[in-house]
């Protein structure tokens, strides 16, 4: 009986010792994984910050080149339809216009106003809204196109 009890006690102690080590190893592995993830996040944030700094530097250089091109454009450049060619560098940069053109804005506003007016005037199944919207969009486009021509955005 004492031998059986000693074997059971030894087996129980071995099992508990091995379970305890496994839990400690698992906890250590989790801590190492968390530390590795935190380190990678830090590195990612540093890399992202470096990319943003590089983009800012490129943008500053581009702005400086544009300013220099504008200053030297008094007699040494030719400007036509949004592009500038300088004699000093021989490069061509197209001035990008961002956002909606006046023609697109005019068409959208005209379509909305025309549709509203059409509904108020002719109340038959949306027919007035369709006709008014089309007429308003056309008129708004023409007005906006003229503005684009004056500003140099359109030919």
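Brief remarks follow.
- For a paramagnetic label modelled on residue 104 (point 7 Å from Cα along Cα→Cβ), amide N atoms under 18 Å away belong, within segment 133-155, to 137-155.
- Counting 0.36 nm for each residue step from residue 46 to residue 155 and taking away their Cα separation leaves a gain of 34.7 nm.
- Pairwise label distance in nanometres, residue 36 with residue 121, each label 7 Å out on the Cα-Cβ vector: 7.3
Since every read-out is calculated from the coordinates, none of them should be taken as a lab result. Because the structure is predicted, anything quoted here is derived from the model rather than measured. Cβ sites come from the backbone with ideal geometry, for glycine too, and all protein chains shown count toward neighbours.
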